[in-house]
Amino acid sequence: MSPLLEVQDATKVFGGVRAVDGCSFTVQGGTVTALVGPNGSGKTTLFNLITGYLPPDRGQVRFRGRDITGLDAGRLYRHGLSRTFQQARVFPHLSVQENLVAAGGYSWRQLFTRRVGRADRERAGRLLEEFRLAPVADLLASELSYGQRKLLEFAAVLMSEPSLVLLDEPTAGVNPVLVETMERHIRERHAAGITFLIVEHDMGFVMRLCDPVIVLDRGKQIAAGPPADVQANQLVLDAYLGS
Amino acid sequence: MKGVPGMARAVVFFALLASLPSFNLAHWVLNLLVFTLIYAVMSSAWNLVGGFTGYPSLGHAAFFGVGAYAVALWFKHHAITSGYEPFVVLPMIGLFAAVLGIPIAAIAMRTRFDVFAIVTITLLFVAQTLAFNLHGLTGGAQGISITVAPFPPATFERPYYYVLVALLGLAMGITFLTMRSKLGLSLAAVRADEDKARGIGVRVTGVKLLVFAVSVGLTAMVGAVWAYYESFIYPQFAIDPLITIAIVLMTFLGGRGTLWGPVLGAGILEGAQQLFAYWLGGSQVYLIAYAAVFLVIMLLLPRGILPTIQDRIRRRRRRGTVNAVAVPPALPRAEVTVGGGAA
């Protein structure tokens with residue numbers, strides 16, 4: 001079976017910095033794959049290259065066997081490739097429910113229908129229940145705690161029924177209870193058939209949840225495999241601790 | 001539920017507007033109303049781009065000028081007999097300006113915030129320079145005239161007045177429908193965080209271009225009515241930075257991103273300006289009074305009149321509900337039961 005996501009020789013240079021330097025890896029369908037590495041190893045840039053936020057200088061990205069290099073982020077989203085951001089990015093002046101509905105990935109014709117119709121309320125309502133945001137559905141997103149915003153952002157990208165979700169540090173800045181909540185939501189969604197690619201610094205979280213783990217250093221893949229193997233890999237230890 | 005009083009408010013407002021001329025108002029009052037309407041329509045139109053989308057266009061006066069020159073040039077070659085012909089071609093002028101606006105927006109809207117403001121004000125000065133220098137087309141600084149309408153002097157302002165009321169209805173209708181549709185939701189997302197919006201499938205570029213085109217189309221139609229009303233246009237008045245500044249101020253004053261805010265702002269500022277000019281005479285004192293009105297309102301209601309009031313009501317209501325229901329206990333309990341079920 002061909003992999004769900006395939007990155008080949010991706011390169012991105014900012015001035016003198018090679019943020020991503022000839023990086024290649026694959027994400028198999030049905031996995032929860034982790035992308036780890038020290039700060040500045042190019043993880044977020046790589047996310048931006050995959051999701052159409054930045055065009056790569058060189059290399060190719062394939063999703064479900066199709067070349068998607070340089071395609072618009074919105075189009076990728078509507079085709080089932082979603083992402084979240086490191087800093088939970090929600091629309092503060094919209095209600096929690098509207099934040100979800102806004103992420104529906106609409107056709108031009110749908111844009112001229114009701115702002116929040118009955119079908120939207122149902123669709124958003126299921127996610128609100130799942131993420132326990134129903135009691136705050138009518139609050140403005142600016143009134144949520146940071147952790148709740150993280151949950152909201154995650155819930156919103158599920159509106160398009162994606163096949164691959166890229167999460168950029170889903171547990172950064174949230175309390176331990178919410179880390180568990182986040183983990184449970186990922187597991188549930190994974191069981192329901194979604195593939196995840198997760199950038200994360202919380203190694204406990206990665207070891208519990210992810211398989212395989214891909215390690216980046218200076219814009220290149222230096223190791224990949226089951227979490228236990230990667231943890232014992234000398235190159236990885238050198239990258240984190242310095243050789 | 002919410003739509004009924006809103007609809008009633010709109011019906012009363014437009015019924016009142018439509019009936020005003022039948023009170024035999026003095027010419028200067030009707031003239032004031034015509035100018036207030038001109039600004040109300042333009043502020044409403046600007047609000048689509050500057051309010052809902054968050055792009056502070058300072059170039060709208062260029063499209064006002066496009067409308068003004070379009071009507072003047074068209075009737076250089078076509079006769080005005082009944083007096084209503086210029087109103088009939090208004091939709092064509094609006095469409096022309098909208099189509100003209102698309103490529104301009106496609107370039108200008110690649111920039112954001114202050115840079116967008118500078119790019120669009122540059123557009124305004126480019127348009128004004130063209131109007132001054134394309135003598136063959138615009139008559140340059142000598143200006144260009146339009147046949148004076150053969151309306152009876154006693155009710156001369158009325159046709160313009162009614163057409164402007166209709167345009168205001170159109171602009172507010174478009175605003176209302178935008179707010180109620182997913183288009184409005186998409187624009188709100190663009191305004192809050194455009195890059196994030198792109199990543200969740202919002203058709204960012206498309207909706208931006210669409211509202212810009214509609215907005216400048218409406219603005220051009222107002223310019224055309226204004227030119228016909230004045231029957232003589234000069235470049236410095238047809239494409240005037242002060243028009244741009246006025247509509248931005250009016251929208252901010254009343255409340256951007258709201259249905260009634262721009263209309264309210266136009267009513268207050270244009271009304272105040274004309275009344276002060278009338279009362280305080282030709283000296284520049286009226287400008288100080290005009291600025292004072294603006295400053296006082298901005299001090300008291302910094303986010304504009306309507307949003308500040310809405311905020312206060314919202315906060316008061318929130319306090320009411322928090323006091324009425326003890327919210328916290330409901331949450332943790334729900335978490336325990338549902339979590340237990342899943343495990």
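The values are calculated or read from the model by the stated rules, or taken from the named source; none is laboratory data. Everything numeric in this text was worked out from a predicted model, so none of it was measured. A quick note on method: Cβ atoms are made from the backbone with ideal geometry, for glycine too, and the neighbour counts reach across all protein chains shown.
The residues on offer are B:284, B:274, and the sole one that is touching a residue at least 60 places away in the same chain (Cβ under 8 Å), over 28 Å from residue B:123 (Cβ atoms) and of a type outside the set (Val, Ile, Thr) is B:274. Taking the numbered list (1) more than 8 Å from chain B (Cβ to nearest Cβ); (2) of a type in the set (A, V, I, L, M); (3) under 25 Å from residue A:4 (Cβ atoms) in turn, residue A:73 passes all entries but (1). What single numbered condition from (1) crowded, with 18+ Cβ neighbours inside 10 Å; (2) more than 9 Å from every other protein chain (Cβ to nearest Cβ); (3) not small (Gly, Ala, Ser) fails to hold for residue A:89? The number of the failed condition is (2). Of all the listed residues (B:89, B:115, B:119, B:99), the sole one being touching a Phe, Trp or Tyr at 6+ places or on another chain (Cβ under 7 Å) and either within 22 Å of residue B:221 (Cβ to Cβ) or aliphatic (A, V, I, L, M) (or both) is B:89. Of all residues in segment A:79-101, those that are over 21 Å from residue A:49 (Cα atoms) have Cβ atoms under 8 Å from Cβ atoms of residues that are among the acidic types (Asp, Glu) and assigned to a loop (DSSP other than H, G, I, E, B), 6 or more apart or on another chain, in A:91/B:193; A:95/A:138; A:96/A:138; A:97/A:138.
From the list B:189, B:246, which residue is free of Cβ contacts under 8 Å to residues at least 40 places away in the same chain and among the aliphatic types (A, V, I, L, M)?
Working: B:246 fails: free of Cβ contacts under 8 Å to residues at least 40 places away in the same chain.
That would be B:189, the only listed residue that is free of Cβ contacts under 8 Å to residues at least 40 places away in the same chain and among the aliphatic types (A, V, I, L, M).
On inspection, residue B:63 qualifies as surrounded by 24 or more Cβ atoms within 10 Å (Cβ to Cβ) and on the phi < 0 side of the Ramachandran plot.
Considering only residues that are within 9 Å of chain A (Cβ to nearest Cβ) and outside any helix (DSSP H, G or I), which ones fall in segment B:183-237? Scanning segment B:183-237 gives B:193, B:200, B:201, B:202, B:203. Taking the criterion of being within 21 Å of the chain's Cα centre (by Cα) and either within 14 Å of chain A (Cβ to nearest Cβ) or without any contact (Cβ under 8 Å) to a residue 40 or more places away in the chain (or both), the residues of segment B:131-181 that qualify are B:166, B:173, B:174, B:175, B:176, B:177, B:178, B:179, B:180, B:181. Just wondering, is there one or more residues in segment A:114-123 that are facing chain B (nearest Cβ under 9 Å), free of Cβ contacts under 8 Å to residues at least 40 places away in the same chain and part of a strand (DSSP E or B)? Scanning segment A:114-123, I find at least one residue that is facing chain B (nearest Cβ under 9 Å), free of Cβ contacts under 8 Å to residues at least 40 places away in the same chain and part of a strand (DSSP E or B), so the answer is yes. Examine segment A:130-146 for a residue that is within 13 Å of another protein chain (Cβ to nearest Cβ), surrounded by 21 or more Cβ atoms within 10 Å (Cβ to Cβ) and in contact with a Lys or Arg (Cβ under 6 Å, 6 or more places away or on another chain), and state whether such a residue exists. No - not one qualifying residue is present in segment A:130-146. Of note, residue B:83 satisfies the criterion of being at positive phi and not aliphatic (A, V, I, L, M). With respect to the conditions (1) surrounded by fewer than 17 Cβ atoms within 10 Å (Cβ to Cβ); (2) aliphatic (A, V, I, L, M); (3) touching a residue at least 24 places away in the same chain (Cβ under 8 Å), residue B:108 falls short on a single one, namely (1).
Looking at segment B:201-233, which of its residues are without any contact (Cβ under 8 Å) to a residue 12 or more places away in the chain and either touching a helix residue (DSSP H, G or I) at 6+ places or on another chain (Cβ under 6 Å) or closer than 17 Å to residue B:57 by Cβ (or both)? Of everything in segment B:201-233, just one residue is without any contact (Cβ under 8 Å) to a residue 12 or more places away in the chain and either touching a helix residue (DSSP H, G or I) at 6+ places or on another chain (Cβ under 6 Å) or closer than 17 Å to residue B:57 by Cβ (or both), namely B:201.
Would it be correct to say that residue A:165 is more than 18 Å from the chain's Cα centre (by Cα), at pLDDT 95 or above, buried (at least 16 other Cβ atoms within 10 Å of the Cβ) and of a type in the set (A, V, I, L, M, F, W, C)? When the stated conditions are applied, residue A:165 does not pass them.
For (1) within 22 Å of residue A:229 (Cβ to Cβ); (2) buried (at least 20 other Cβ atoms within 10 Å of the Cβ), each residue gets a yes or a no:
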position: A:12; (1), (2): no, yes
position: A:19; (1), (2): no, yes
position: A:24; (1), (2): yes, no
position: A:28; (1), (2): yes, no
position: A:31; (1), (2): yes, no
position: A:37; (1), (2): yes, yes
position: A:41; (1), (2): yes, yes
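Annotation note: of B:164, B:187, the sole residue that is crowded, with 21+ Cβ neighbours inside 10 Å and closer than 25 Å to residue A:54 by Cα is B:187.
Is it the case that segment B:72-87 has a residue that's of a type in the set (Val, Ile, Thr) and at pLDDT 95 or above? Reasoning before the result, please.
The first filter runs over segment B:72-87 and keeps only residues of a type in the set (Val, Ile, Thr), leaving B:80-81.
Then keep just the ones that are at pLDDT 95 or above; that gives none.
The answer is no; no qualifying residue exists.
Rundown of residues vs (1) of a type in the set (Val, Ile, Thr); (2) part of a loop (DSSP other than H, G, I, E, B); (3) within 27 Å of residue B:186 (Cβ to Cβ), yes/no style:
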{"site": "B:8", "(1), (2), (3)": "no, no, no"}
{"site": "B:12", "(1), (2), (3)": "yes, no, no"}
{"site": "B:21", "(1), (2), (3)": "no, no, no"}
{"site": "B:38", "(1), (2), (3)": "yes, no, no"}
{"site": "B:58", "(1), (2), (3)": "no, yes, yes"}
{"site": "B:69", "(1), (2), (3)": "no, no, no"}
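Could you say which residue among B:49, B:41, B:29 is β-branched (Val, Ile, Thr) and free of Cβ contacts under 8 Å to residues at least 40 places away in the same chain?
Values: B:49 fails: free of Cβ contacts under 8 Å to residues at least 40 places away in the same chain; B:41 fails: free of Cβ contacts under 8 Å to residues at least 40 places away in the same chain.
Unique residue meeting the criteria: B:29.
Take the conditions (1) touching a Ser or Thr at 6+ places or on another chain (Cβ under 9 Å); (2) more than 8 Å from chain B (Cβ to nearest Cβ); (3) without any contact (Cβ under 8 Å) to a residue 60 or more places away in the chain; (4) hydrophobic (A, V, I, L, M, F, W, C); residue A:32 misses just one of them, which is (3). Per the listing A:152, A:197, the residue uniquely closer than 26 Å to residue A:27 by Cα, under 11 Å from the mean Cα position of the chain (by Cα) and modelled with pLDDT of 95 or more is A:197. For segment A:92-110, the set of residues classified as part of a loop (DSSP other than H, G, I, E, B) and more than 8 Å from chain B (Cβ to nearest Cβ) consists of A:107 only. Condition (residue is more than 30 Å from residue A:120 (Cα to Cα), more than 14 Å from chain B (Cβ to nearest Cβ), of a type in the set (Lys, Arg) and not in a helix (DSSP H, G or I)) applied to segment A:205-214: is it met by at least one residue? Checking segment A:205-214: not a single residue is more than 30 Å from residue A:120 (Cα to Cα), more than 14 Å from chain B (Cβ to nearest Cβ), of a type in the set (Lys, Arg) and not in a helix (DSSP H, G or I). Taking the criterion of being basic (Lys, Arg) and touching a Lys or Arg at 6+ places or on another chain (Cβ under 6 Å), the residues of segment A:74-121 that qualify are A:89, A:115.
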